[in-house]
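K.L.:
Pasting in a structure now, in structure tokens, and then I'll have a few things to ask.
FYI, it's all coordinate maths here, none of it is from the lab. Values in this document were obtained by computation on a predicted structure and should not be read as measured data. Here the Cβ positions follow ideal geometry from the backbone for every residue, glycine too, while neighbour counts run over all protein chains shown.
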Amino acid sequence: MDKEKTSSAMPREKWSGKLAVIMAAAGSAIGLGNIWMFPWRMGTYGGSAFLLIYVLIVALIGIVALMGELALGRRFGKGPIGALDGILRQKKSALGKWIALFPVLTTFAVTVFYMVVVGWIMHYFVAAFRGFAGLDLGTYFNTFAGTSNAVPWHVLAVIITAAITYLGVKKGLEPANKILLPALFVLLVVLMIRAITLPGAIGGINFMFKPNFAALSDPLTWFNALAQALFSLSLLGSTLVIYGSYLPKDTDIPSAAWYTALFDTAAAILAALIVFPAAFAFGVNVNSGIPLLFITLPGLFAQMPAGILFGALFFLLVVFAAITSAISLFESAIEPLMDALKWGRTKATLVTSAAALLAGLPLALRMDWFTYWMRLTSAVLMPIGTLIIMIMIFWVYGAENMRREVNHGAVVSMGAWWGFLGKYVAVIGTLFILVAGTLRFTGLWR
Ligand code: PHE
């Protein structure tokens with residue numbers, strides 16, 4: 001049994017075992033960010049240059065920030081509200097709770113558009129049984145997404161996520177993650193082999209790996225790779241702090257962070273290795289943006305033996321990957337509601353789900369609203385939440401203090417460089433997204 005007690009009467013639920021920790025963090029990280037968003041962003045913003053910068057950012061900022069957020073949660077045994085309150089009380093300030101509202105709300109802004117895309121994926125899962133042969137995939141996407149046809153799927157996505165979340169931390173997450181994530185990887189490898197052996201696939205390989213120096217020096221590539229890394233690793237300032245609060249004191253945080261980043265990046269690159277070769281083989285424009293996944297992969301299934309089976313299996317496993325991320329997004333609002341307002345889990349889950357459902361409706365209905373909200377969130381809101389949590393961890397609580405927490409239970413201890421990367425590289429990187437994103441969103445930067 002864990003001896004740690006939190007301030008509430010009930011001991012906090014804890015993850016059991018080291019594998020469970022990695023699975024939970026990876027379950028949150030691996031989702032639509034990897035399968036749907038990574039390929040479309042990479043296709044639109046710099047191709048091989050994006051990939052290179054992305055990997056660099058994950059290595060220099062992502063892993064350090066993952067450790068920081070997990071350690072913050074574990075240190076205070078609380079999510080963002082309790083943790084920031086804890087930090088600022090040491091400095092005799094009562095503002096922590098209020099500051100924590102930013103990461104909590106900005107994470108919720110992500111939840112709102114995320115659930116709409118989970119709905120799209122669920123629809124494609126069902127559609128996969130009929131097969132995609134003979135369909136004009138562009139038209140098919142456009143007559144579904146952004147119309148009233150997408151609404152029931154959005155509702156279903158929220159209900160399923162709410163139901164699983166309601167079951168609580170251990171019962172809901174662990175068994176699902178342990179089986180389905182490995183299954184997803186196996187399927188991604190199979191599909192990759194099919195995609196790279198298509199005639200014309202070499203164009204996609206070149207697009208991914210042939211150096212593109214012009215894009216390397218384009219700030220837009222950097223901006224998008226940075227924003228994508230924060231999104232994909234779930235580094236928005238609420239989720240991983242909460243997951244950290246569920247960790248026993250002796251968890252090896254550096255190794256959990258390293259594996260999470262590794263698996264998350266592998267999933268994104270595998271998805272790209274399917275999407276780009278297939279897009280080149282079928283003549284789909286890699287610049288297609290949001291629909292890219294949906295107008296490329298069905299073509300692959302239509303072309304392969306047992307394509308209906310592979311198509312259905314793919315969308316099913318992506319639904320599961322998306323739901324484990326969606327659960328972590330819901331948890332990012334539920335825990336703060338329970339902590340700040342002393343609500344029970346049932347009430348907090350109901351309110352979070354209802355809010356995600358209602359706020360997502362307009363986005364399910366209209367593509368221009370969806371795009372607007374997604375851009376506002378990724379360019380402006382999301383970096384605000386991340387920046388605040390980074391400053392709190394590395395400057396206010398202090399990089400050296402947090403490094404001690406990170407190293408507690410670690411097999412390989414982090415040196416002083418850890419604090420340097422957090423204090424300067426992570427904070428300046430996040431600030432860059434916020435400034436560049438705001439300029440871009442307001443149209444000042446074209
Ligand atoms: N990282 C998840 C994905 O890639 C999305 C997510 C972001 C989940 C932030 C939780 C918090 O799909």
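K.L.:
Of Lys14/Lys178; Lys91/Lys347; Lys91/Lys249, which pairs sit farther than 22 Å apart, going by alpha carbon to alpha carbon?
P.N.:
Over 22 Å Cα-Cα: Lys91/Lys347; Lys91/Lys249.
K.L.:
Right, something else. With an 8 Å cut-off on Cα pairs and a minimum separation of 6 or more residues, tell me the relative contact order of the chain in percent.
P.N.:
Once divided by the residue count of the chain, the mean separation gives 34 percent.
K.L.:
Here's another thing I want to ask about it. What is the fewest-to-most order of Glu69, Glu405, Glu335, Glu400 by other Cβ atoms lying within 10 Å of their Cβ?
P.N.:
Listed from fewest to most nearby Cβ atoms, that is Glu400, Glu405, Glu335, Glu69.
K.L.:
Using Cβ counts within 10 Å as a stand-in for footprinting exposure, how do Leu365, Leu70 rank, fewest first?
P.N.:
Leu365, Leu70
K.L.:
Quick one: dipole size for the chain, taken about the Cα centre, charges +1 on Lys/Arg Cβ and -1 on Asp/Glu Cβ, in debye to the nearest 20.
P.N.:
Details: 30 positive and 17 negative charges, 159 e Å.
Charge dipole, the chain, about its Cα centre: 760 debye, nearest 20.
K.L.:
Could I ask something else about it? Note the angle between two axes, namely the Cα long axis of helix 253-282 and the longest principal axis of the Cα atoms of the chain, as a number of degrees from 0 to 90, rounded to the nearest 10.
P.N.:
Roughly 10 degrees, rounded to the nearest 10.
K.L.:
Which cross-chain or sequence-distant (5 or more) residues have an amide H under 5 Å from the amide H of Trp445, H modelled 1.01 Å from N in plane?
P.N.:
Those qualifying (amide H under 5 Å, at least 5 residues apart or on another chain) are Arg440.
K.L.:
Could you tell me how many degrees, from 0 to 90 and to the nearest 10, lie between the Cα long axis of helix 382-391 and the main elongation axis, the longest principal axis, of the Cα atoms of the chain?
P.N.:
Roughly 30 degrees between the two axes.
K.L.:
A follow-up question, please. Helix 48-57 versus the longest principal axis of the chain: what angle, 0 to 90°, nearest 10, using Cα atoms?
P.N.:
10 degrees
K.L.:
How do Phe213, Phe320 line up, fewest other C-beta atoms within 10 Å first?
P.N.:
Phe213, Phe320
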